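Okay, structure first, notes after.
The values are calculated or read from the model by the stated rules, or taken from the named source; none is laboratory data. Nothing here was measured: the structure is a model prediction, and the numbers come from that model. Cβ coordinates were reconstructed from backbone atoms using ideal geometry, including for glycine residues, and neighbour counts include every protein chain displayed. Side chains are part of the model used for accessible areas, which takes the heavy atoms of the whole protein and leaves out ligands, DNA and RNA. Shrake-Rupley method; radii C 1.70, N 1.55, O 1.52, S 1.80 Å.
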Amino acid sequence: MLKKVTSLLLAITLVPMAAFSAAAAPAPVAPKAVQNAVKVEYNKKQIAFPDQAPIISQGRTLVPIRPIAESLGFEVKWNEQTRTVTINKGKDNIRLVVTQKIANKNGQTINLDVPAQIVNKRTVVPVRFIAEALSYKVDWDPKTQTVLIADNVNGNQVGQQEKPKDPAKPATDEKKPVEQVVLIDGDSIEGKKTNIATIGLYRITGKVDPKSIVVVVMEDETYEVEVNADGTFKFRVDTDDGIRSFTVKAEKDGKQDTFEGEFISID
């Protein structure tokens, strides 16, 4: 009987000590994943990104547009109300709206593989935007994780001077300037939305050239729009909540006009 009591007391004494030892032992720390930082070079000179570095998201390389555009000599402006980035240099004008998969360059629409996004309060764009909108040569070095930007020597481009004209060629060989056409009355376009639970009720009204073909683009969806004889139109669609912007495209005789706008909430 005495041996049983002694064994019981010894067990009670050892239990707290074992629990203390288990609590005091440090938990194993999982090793952190090591990621190589994406770098960007212009003509073999690295571009600095002070507050937001380039990233790779879903297999796409996204780069902050302001440091790159300014390094290339462009002026960059941001409109918080419409969430629009405007890039200017000389006679060239490029606009893009955050969350939209298109950009507008001198009145012409450029499709992007992924939309511009806001990361750490900075607008990032796919590398393809640099090549197609700013007209620079862009390569990717997978070994060093570096985006290589270089002047595009093939023909005229945004940000470079035109080649001297060949006096031996007749004037008829010169390319005609792109004709700017206005098919959309931008002042008349108005987008409104109403949210019901998770459904968004979207309405767009305005006026366009009555003989033009009109479509509305919302995120990844394109909708045909019926235009009245006087050029007015009313578009409505009920879809997922959360869409903030839209694009109206009008086309006539092979020429196109584009308007980009933001929805106004009327909740």
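Restricting attention to region 47-83, the residues that are within 13 Å of residue 125 (Cβ to Cβ), surrounded by 18 or more Cβ atoms within 10 Å (Cβ to Cβ) and among the β-branched types (Val, Ile, Thr) total 4.
Inside region 223-237, can you point out the residues that are at pLDDT below 90 and open to solvent by less than 90 Å² (accessible area, probe 1.4 Å)? Step through it out loud before you land on a result.
Of all residues in region 223-237, those at pLDDT below 90 come to 223-224.
Once the filter is applied, which keeps residues that are at pLDDT below 90 and open to solvent by less than 90 Å² (accessible area, probe 1.4 Å), region 223-237 yields only 223.
Pairs linking a residue in region 169-197 that is more than 15 Å from residue 214 (Cα to Cα) to a residue that is loosely packed, with under 10 Cβ neighbours inside 10 Å and at pLDDT below 85, with Cβ atoms under 7 Å and 6 or more positions apart or on different chains, are 194/267; 195/267. Of everything in region 198-222 that's part of a strand (DSSP E or B), open to solvent by less than 40 Å² (accessible area, probe 1.4 Å) and touching a residue at least 40 places away in the same chain (Cβ under 8 Å), which residue is nearest to residue 109 (Cα to Cα)? By that ranking, first place goes to 217. For region 241-253, state whether one or more residues are loosely packed, with under 11 Cβ neighbours inside 10 Å, modelled with pLDDT under 90, in a loop (DSSP other than H, G, I, E, B) and out of contact with any Phe, Trp or Tyr (no Cβ under 7 Å at 6 or more places or on another chain). Yes, some residue in region 241-253 is loosely packed, with under 11 Cβ neighbours inside 10 Å, modelled with pLDDT under 90, in a loop (DSSP other than H, G, I, E, B) and out of contact with any Phe, Trp or Tyr (no Cβ under 7 Å at 6 or more places or on another chain). Pairing residues of region 42-67 that are aromatic (Phe, Trp, Tyr) with residues that are surrounded by 13 or more Cβ atoms within 10 Å (Cβ to Cβ) and not in a strand (DSSP E or B), at Cβ distances under 9 Å and at least 6 apart in sequence or on separate chains, gives 42/68; 42/71; 42/72; 42/136; 42/151; 49/67; 49/68.
Considering only residues in region 50-86 that are of a type in the set (Val, Ile, Thr) and either within 17 Å of residue 151 (Cβ to Cβ) or assigned to a loop (DSSP other than H, G, I, E, B) (or both), the one that is modelled with the highest pLDDT turns out to be 68. Those strands (runs of 3 or more DSSP E) of region 103-197 that lie entirely within it include none in which at least 3 residues are at positive phi and modelled with pLDDT of 90 or more.
Only one of these is of a type in the set (A, V, I, L, M, F, W, C), in contact with a Ser or Thr (Cβ under 6 Å, 6 or more places away or on another chain) and under 25 Å from residue 116 (Cβ atoms): 237, 248, 217. Name it.
217
Does region 90-102 hold any residues that are part of a strand (DSSP E or B), surrounded by 16 or more Cβ atoms within 10 Å (Cβ to Cβ) and at pLDDT 85 or above, and which are they?
Within region 90-102, the subset part of a strand (DSSP E or B) is 92-97, 102.
Then drop every residue that is not surrounded by 16 or more Cβ atoms within 10 Å (Cβ to Cβ), which leaves 92, 94-97, 102.
If the condition is that a residue be part of a strand (DSSP E or B), surrounded by 16 or more Cβ atoms within 10 Å (Cβ to Cβ) and at pLDDT 85 or above, then 92, 94, 95, 96, 97 are the ones that fit.
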